[in-house]
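Peer 1: Pasting a structure below so you can have a look.
The values are calculated or read from the model by the stated rules, or taken from the named source; none is laboratory data. All values derive from a computational prediction rather than experimental measurement. Here the Cβ positions follow ideal geometry from the backbone for every residue, glycine too, while neighbour counts run over all protein chains shown.
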Amino acid sequence: MKGHVILSHGSESGPDATKVTVLAAVAESLGYSAERPDYRGMDDPLARRDLLLARCRAAYDPVILVGSSLGSYISGLASLQTPVVALFLMVPPLNLGEGYPPFDCARVPLVVVHAWHDELIPERGVIAWCETRSTPLHLVDDTHRLSNHVATIAAWFEEFLRSRA
C-alpha cells in the first residue's frame, strides 16, 4: 500500500456521507487503503479527535487525513499529536468556541477546499488562515455541504494523492 487514508465526516453526517465515500473510492483506486470512522453519537469534538488518534496510531502505513467540516477540525488537531504525511481538509471550522482549541494542524502538505457561500464558516477567516501558511486553497461557488462540487473535489483529491507518490 502507498499509505492509509482516514476520512472523517462532519458533525451531522456519517461514514457513508457522499464526500467521504467518493474520496475513499478515489484513494482506493490509487492503491491506498482507506477507512471512514463512525463518529455518530459522539458530541464532543475532542472525543472524536481521540478516536481519530487511536485509528492513526493503529495504521501500519503512512497516514493521510481527510476531513469535512468538524472532520477537518479533528483531523487538524490530531495531526499535531501523531505523525501524518498530508492533510486534505474541506470547510474547516477555525474556532469551535470556549473550551476548544483554535484550529491548527501539522506543517505537512495540505490542501483546503472551502465554499464562497458557506453559511456556517465564513470564507474570509479560512482565506486569512490559509494565507498565513501559504496553503493551497480551492474556493468554490457552493454552500457548506459542497454538494455541487463533489466531482471537482474528487479530481483535486486524486491530483493531491498522485503528487504524494
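Peer 1: Could you go through segment 67-83 and let me know if any residue there is among the polar types (S, T, N, Q) and on the phi > 0 side of the Ramachandran plot.
Peer 2: Within segment 67-83, one or more residues are among the polar types (S, T, N, Q) and on the phi > 0 side of the Ramachandran plot.
Peer 1: What residue, of Val5, Val22, is assigned to a strand (DSSP E or B), touching a residue at least 60 places away in the same chain (Cβ under 8 Å), of a type outside the set (D, E, K, R) and surrounded by 15 or more Cβ atoms within 10 Å (Cβ to Cβ)?
Peer 2: That would be Val5, the only listed residue that is assigned to a strand (DSSP E or B), touching a residue at least 60 places away in the same chain (Cβ under 8 Å), of a type outside the set (D, E, K, R) and surrounded by 15 or more Cβ atoms within 10 Å (Cβ to Cβ).
Peer 1: Here is a further query. Output the number of the condition that Glu98 fails; it satisfies all remaining conditions of (1) modelled with pLDDT of 95 or more; (2) surrounded by fewer than 20 Cβ atoms within 10 Å (Cβ to Cβ).
Peer 2: The single condition Glu98 does not satisfy is (1).
Peer 1: Further question: Quick one: in segment 128-156, which of the residues that are of a type in the set (A, V, I, L, M, F, W, C) and closer than 10 Å to Val113 by Cα is surrounded by the fewest Cβ atoms within 10 Å (Cβ to Cβ)?
Peer 2: Checked segment 128-156; the qualifying residue surrounded by the fewest Cβ atoms within 10 Å (Cβ to Cβ) is Leu139.
Peer 1: Further question on the same structure: Read through the list (1) crowded, with 16+ Cβ neighbours inside 10 Å; (2) touching a Gly at 6+ places or on another chain (Cβ under 8 Å); (3) touching a residue at least 40 places away in the same chain (Cβ under 8 Å), then give the number of the only condition that Ser33 fails.
Peer 2: Just one mismatch for Ser33, condition (3).
Peer 1: Return the residue satisfying two criteria in turn: it lies in segment 71-95 and is touching a Phe, Trp or Tyr at 6+ places or on another chain (Cβ under 9 Å) and of a type in the set (A, V, I, L, M, F, W, C), and of such residues it is surrounded by the fewest Cβ atoms within 10 Å (Cβ to Cβ). Walk me through it before giving the result.
Peer 2: Narrowing segment 71-95 to residues touching a Phe, Trp or Tyr at 6+ places or on another chain (Cβ under 9 Å): 71-77, 86, 88-89, 92-95.
Next, from what is left, pick out any that are of a type in the set (A, V, I, L, M, F, W, C): 74, 77, 86, 88-89, 94.
Details: Ile74: 27, Leu77: 23, Ala86: 21, Phe88: 25, Leu89: 26, Leu94: 16.
Result: Leu94.
Peer 1: Continuing with the same structure: Quick one: in segment 36-49, which of the residues that are assigned to a helix (DSSP H, G or I) and free of Cβ contacts under 8 Å to residues at least 40 places away in the same chain is farthest from the chain's Cα centre (by Cα)?
Peer 2: Looking only at segment 36-49, we keep the residues that are assigned to a helix (DSSP H, G or I), and these are 45-49.
Filter once more, keeping what is free of Cβ contacts under 8 Å to residues at least 40 places away in the same chain: 47, 49.
Working: Ala47: 17, Arg49: 12 Å.
Selected residue: Ala47.
Peer 1: Give segment 66-85 a look and list any residue that's more than 19 Å from Pro101 (Cα to Cα) and within 14 Å of the chain's Cα centre (by Cα), or say none.
Peer 2: Val66, Val84, Val85
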